[in-house]
Amino acid sequence: MIRDTTIGAKLWITAVWAITIFFVLNVLAIIATVIVSSLGTRWLGTWLPNAFTLNWYASAWQEFQLGPVLFVTFQIAFTVVALSGLLGVTAAYAMARRDFPGKKLVMFLFLLPLLVPPITFGIPLATVLYQFNVGGTFWGVVLANLVPTVPFVILVMIPFIEQIDPKVEAAARVFGAGTFKLFVHVLMPMLIPGILASLLLVLVRTVAMFELTFLTAGPTSQTLVVSLYYAVFASGVRAVQSIDAMAVIYMVSTLVWLLVALRFVNPTQIVARGNQSSNAH
Amino acid sequence: MTSSTSQETTSFRQKLALRGIDGVTLLVLPSMLFVLAIFIYPFIHGLLLSFKPLREGGMFANYITFFSDPYLYNTIAATLRLAVPVTLLSVLVAVPVAMRVRLVRRQRLLTTLLVLPITLGTVLVAQGMLNYLGPQGWFSRSLMLLHIIGSPLKLTNNYWGVFLSLIITVFPFTFLLTLSYVTGIDPGLEKAAATHGASAWQRFRHVMLPLLVPGLAIAFCLTFVQAFAVFPSAVLLGAPSGPTRVISIAAAQAAFEQYDFTMASAIAMIMGVVQLCIVLIVLVVRNLFYRGATSGGKG
């Protein structure tokens, strides 16, 4: 490691760290205000609320009908996880193992939905879904959420599959394994960490995906984040603490999966994996 | 007869297999068809729909309305006024911070903390910031305690609320991308420069920066595209009928308040074109710089 010992260099290093710490402190404070507010009775013009209570959680649960909303949220999220796993892993296997004409074009096709922001493609997509009477239903939300998650799984899985020596598969073939047996008994066990990591991230993304769900959800297919948006949007109507209690429930329902996912992946990979492979192509 | 046809089919199969097409290759088809049907088709459909306006005035009526009504065309400027400064600031701060963080052995805690705002999303950040940045919130309170300001700052329901919430959600993304590029550069290159007596600034300017430019261009594009599509925080933290009436608000209003999906599609297409223009400009500028290996070789 190179060490810079001049005063200027030391000042610069201090300034960089000061900015980083200031940023992180603000992020933590933003999250902390939501939690503190959801636990406080009355909070006006002081550093902390007058007293603490858990009542807001009960009232938020009833007011916003969080039971059914959470149920729908996870129903949608797990359907998206299952379908994007099925579509993504099989396609990733083909992309990793075969070199076929037009492969670069197909790769580009898979990259596009990750590069175009959801709100840009969400509006034409919602139009089409409503035309086919899928808009506003459970399956409309699932289809819309699959658009970025299928390519995401493909891009995360390609390097995982490329790591596996093709000789292992050849050996299984020699001993008479068919494609299905090969997949279940040879490939799956080796791919489990990668599949688990990518699907957990898909779960986090789907629970937190606001734009696509907002554009395609009807009253019975709203996920938690969309309900939260409507609650904040009409915030004059309900107590702030009640909305904050709902926000905390949302936070917990996303962060649990993130924490599990982080056991398998490095945080930089959450944003960078897809883009690095896009660079290579 | 039968044997000859079967021979022909095998040879045809073999020819295909030689070009890389066999049963395994076909596994790519379901995903490909899905993306074509649920992503490409809606885009084309939207493009065509935008040329079939509900109102009178020929196929370009939606576009003519957009570019003649200041309430609509000003949304492009309003969005750019948010997205461009946010992107520039994120990239400019991300580079020195990433250069520093790459030297730290235990980056995991910091990167995990930074993933939080990305994972929680803009809606939660907006709700938190309404509390935190409000006149009675901790932010103004702390500054007043330190005697930096006399009265609470007005940071919500205006431009700055949206600006700050974009920074909170976009900077971690830019930083993590930049970090992955910075750590991809062979540290030996910088060491070699240091051995030859280059100062910290010279090492950065003449060794690291040229290698970083392609990655930074990508980071800039992806950050900009995200910032340009700002939606929930512009509604919740900004002044959605005033200075933070961004283009996605105009599109959502056309679709869900006026039920004019042709106009909404037209606005979505305009949004895509503006994003594409900025990305193309950045990529053209990038090509003026050095492109090559980021690892040291024995050349």
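The values are calculated or read from the model by the stated rules, or taken from the named source; none is laboratory data. Every value quoted in this text rests on a predicted model; they were computed, and no experiment measured them. All Cβ positions, glycine included, derive from the backbone under ideal geometry; neighbour counts span all protein chains shown. Side chains are part of the model used for accessible areas, which takes the heavy atoms of the whole protein and leaves out ligands, DNA and RNA. Shrake-Rupley method; radii C 1.70, N 1.55, O 1.52, S 1.80 Å.
If you run the Gaussian network model on chain A, springs between alpha carbon atoms under 10 Å, then out of A:Val27, A:Val260, A:Val232 the most flexible one is A:Val27. What fraction, in whole percent, of alpha-carbon pairs in region B:1-134 exceed 20 Å separation? For region B:1-134, the fraction of Cα-Cα distances above 20 Å is 78 percent. Under the combined filter of DSSP loop state and at most 13 neighbouring Cβ atoms within 10 Å, region A:1-80 retains these trypsin sites (Lys or Arg not before Pro): A:Arg3, A:Arg42. Principal axis analysis of the Cα atoms in region B:115-235 yields extents of 55, 35, 21 Å, listed in decreasing size.
Please report, in whole Å³, the volume per residue of the convex hull around the C-alpha atoms of region A:66-119. Could the numbers behind the result be given before it?
Working: hull volume 4.4 nm³, N = 54.
Hull volume over Cα atoms, normalised by residue count, gives 82 Å³.
A 1.4 Å probe run over region A:220-261, with the rest of the protein chains in place, finds 35 Å² accessible per residue. Rg and Dmax over the alpha-carbon atoms of the protein assembly as shown stand at 25.6, 97 Å. Mean silhouette area of chain B, derived from the convex hull of its C-alpha atoms and averaged over all directions, reads 26.6 nm².
Sorted largest first, the spans of the alpha carbon positions of region B:154-299 along the three principal axes are 65, 36, 19 Å. Using only alpha-carbon positions in region A:139-218, the gyration tensor eigenvalues give semi-axes of 34, 13, 9 Å once each is multiplied by 5 and square-rooted (largest first).
Rounded to two decimals, the Cα-based Rg/Rh of region B:157-214, with Kirkwood Rh, is 1.21. For region A:140-281, the Kirkwood hydrodynamic radius from C-alpha pairs, put into Stokes-Einstein at 4 °C and a viscosity of 1.567 mPa s, yields a diffusion coefficient of 73 µm² per second.
Sequence-ordered 3J(HN,Hα) estimates for region A:184-189 from the Karplus curve with 6.51, -1.76 and 1.60 and θ = phi - 60° stand at 6, 9, 10, 6, 3, x Hz, glycine and proline given as x. Over all alpha-carbon pairs of chain A, lay out the pair-distance distribution in 10 Å bins, whole %, shortest bin first. Whole-percent P(r) values from 0 Å outward: 6, 22, 26, 23, 15, 7, 2, 0.
Candidate cross-link partners of B:Lys191 among the lysines, defined by an alpha-carbon separation under 22 Å and a same-chain spacing of 8 or more, comprise A:Lys10, B:Lys298. In order along region A:79-85, the phi-based Karplus estimate (6.51 cos²θ - 1.76 cosθ + 1.60, θ = phi - 60°) of 3J(HN,Hα) comes to 5, 4, 4, 5, 5, 5, x Hz; Gly and Pro are listed as x.
Suppose we compare each residue of region B:202-233 in its chain alone and in the full protein complex with a 1.4 Å probe; which ones drop by at least 20 Å² of accessible area? Residues meeting the cut-off: B:Arg203, B:Ile218, B:Leu222, B:Val225, B:Ala229, B:Phe231, B:Pro232.
Tell me the carbon and sulfur percent of the accessible area for the protein assembly as shown, rounded to whole percent, probe radius 1.4 Å.
Its accessible area is 68 percent carbon and sulfur atoms.
Between A:Gly40 and A:Thr53, the built amide H atoms are under 5 Å apart, and every one of these is 5 or more places off in sequence or on another chain. Over all pairs of different C-alpha atoms in region B:230-287, the reciprocal of the mean inverse distance, the Kirkwood hydrodynamic radius, equals 12.6 Å. Counting only protein heavy atoms and a 1.4 Å probe, region B:12-138 has 50 square angstrom of accessible area per residue. In chain B, the calculated helix contribution to ellipticity at 222 nm averages -22500 deg cm²/dmol per residue, counting -39,500 (n - 2.57) for every DSSP H run with n ≥ 4. One equal scatterer on each Cα of region A:1-148, no solvent, Debye formula: the resulting log10 I(q)/I(0) at q = 0.14 Å⁻¹ is -0.99. Working note: Debye formula, equal point scatterers on the alpha-carbon atoms of region A:222-270, no solvent; log10 I(q)/I(0) at q = 0.14, 0.25 Å⁻¹ is -0.46, -0.86. Pairwise Cα separations in region A:62-214 fall into 10 Å bins from 0 onward with the following percentages, short to long: 10, 34, 31, 17, 7, 1, 0. The lysines whose alpha-carbon is closer than 19 Å to the alpha-carbon of B:Lys15, local same-chain residues fewer than 8 away aside, are A:Lys103. Given a cut-off of 20 Å, what percent of all Cα-Cα pairs of region A:103-165 lie beyond it? Tail of P(r) above 20 Å: 39 percent of Cα pairs. In chain A, the longest principal axis of the Cα atoms and the axis of helix A:138-163 are about 50 degrees apart.
Applying Stokes-Einstein at 25 °C and 0.890 mPa s to the Kirkwood radius of region B:102-171, computed over alpha-carbon pairs, gives a translational diffusion coefficient of 181 µm² s⁻¹. Structural size metrics of region A:194-261, computed from C-alpha coordinates, are Rg and Dmax of 13.5, 45 Å. For chymotrypsin sites (Phe, Trp or Tyr not before Pro), the sites in region B:12-105 that DSSP calls loop and that have at most 15 other Cβ atoms within 10 Å are B:Phe60.
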